[in-house]
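The values are calculated or read from the model by the stated rules, or taken from the named source; none is laboratory data. Remember, predicted model here, so these are calculated numbers, not experimental data. When we count neighbours, we look across all protein chains shown, and the Cβ atoms used for this are built from the backbone with ideal geometry, even at glycine. Each accessible area value is taken on the protein alone, full model and side chains, heavy atoms only, with ligands, DNA and RNA left out. Shrake-Rupley method; radii C 1.70, N 1.55, O 1.52, S 1.80 Å.
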Amino acid sequence: ITTKIAWLIAERGLDPESILAVTFTNKAADEMKGRIARMLERDVTGLWIGTFHSICLRLLRRHAERLGFRRAITVFDQEDSLAVLRELLRGRGGADELPRVRKVQTIISAAKNRLWGPEELLEHSRAPERARLAEIYREYQEKLRAQDGADFDDLLLLAVRLLQEHPDVREGWARKFLHVLVDEFQDTNRIQLKLVQLLASAHGNVMVVGDDDQSIYRWRGADVTNILRFEEHFPQA
């Protein structure tokens with residue numbers, strides 16, 4: 001990916017701001033930026049390289065009002081999220097011990113990574129207490145929204161919603177990013193695939209790196225078929 005980006009800038013004359021590269025850790029993103037700068041022997045300020053979550057947060061902060069947020073979005077980390085859920089469970093008279101709260105958090109996170117809201121969780125979940133979980137999910141989202149907040153999973157969910165519901169925003173970003181490159185593609189989940197499809201919708205210039213034999217994150221929603229069916233998802237690549 002770093003070699004491809006350096007080639008696009010040096011040989012094709014692309015503005016660094018027209019390239020989007022996505023990886024899974026901040027450390028990997030920083031290393032990619034450093035390698036490209038050394039290859040080109042120049043500053044690459046403006047190049048969009050980051051994790052899925054950091055890229056989504058940048059998009060959302062530029063269009064917060066489109067999704068009904070009154071001001072800049074406040075990001076709730078895992079501990080903040082657990083605190084909100086513990087308060088909800090305690091208010092319902094349920095067990096609020098940490099293992100129980102973490103289990104509820106995991107179920108809600110998995111639902112979001114499948115692009116499920118509370119209604120879809122109620123419809124598709126096999127959990128015996130799915131009705132109660134769906135209600136907790138709904139109340140949890142209301143609590144976050146009251147504080148103009150979003151958890152890490154919401155960052156992706158809201159970004160997809162933003163691009164789907166506002167064609168002008170989608171087309172603007174899709175035309176800005178002339179090339180979209182994704183690292184470790186075998187570890188992407190359904191919502192991450194959807195995000196890449198939306199951001200590349202104007203041109204289909206997508207490059208991914210990955211190895212289906214190294215797909216080890218199914219437990220957190222990774223879908224190896226994203227890379228196995230790459231040509232179906234991105235026929236113009």
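Some notes on this structure:
- Criterion violated by Asn226 - all others in (1) open to solvent by less than 30 Å² (accessible area, probe 1.4 Å); (2) part of a helix (DSSP H, G or I); (3) over 23 Å from Ala111 (Cα atoms); (4) not aromatic (Phe, Trp, Tyr) satisfied: (3)
- Selection within the range 95-116 - open to solvent by less than 60 Å² (accessible area, probe 1.4 Å), touching a residue at least 12 places away in the same chain (Cβ under 8 Å) and not hydroxyl-bearing (Ser, Thr, Tyr): Val101, Val104, Gln105, Ile107, Ile108, Ala110, Ala111, Lys112, Asn113
- Residues within the range 72-87 that are open to solvent by 20 Å² or more (accessible area, probe 1.4 Å) and part of a helix (DSSP H, G or I), tallied: 6
Conditions (1) open to solvent by 90 Å² or more (accessible area, probe 1.4 Å); (2) of a type in the set (Ser, Thr, Tyr); (3) touching a strand residue (DSSP E or B) at 6+ places or on another chain (Cβ under 9 Å), marked per residue:
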| position | (1), (2), (3) |
| --- | --- |
| Ala29 | no, no, yes |
| Met39 | yes, no, no |
| His53 | no, no, yes |
| Arg58 | yes, no, yes |
| His63 | no, no, no |
| Arg70 | yes, no, no |
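- Check on Phe185, within 27 Å of Ile36 (Cβ to Cβ), open to solvent by less than 20 Å² (accessible area, probe 1.4 Å) and touching a residue at least 40 places away in the same chain (Cβ under 8 Å): yes
- Only one entry of Glu171, Glu139 meets the criterion of being assigned to a helix (DSSP H, G or I), under 18 Å from Ala111 (Cα atoms) and not aromatic (Phe, Trp, Tyr), and that entry is Glu139.
- In the range 140-190, the residues that are among the hydroxyl-bearing types (Ser, Thr, Tyr) and under 12 Å from the mean Cα position of the chain (by Cα): Thr188
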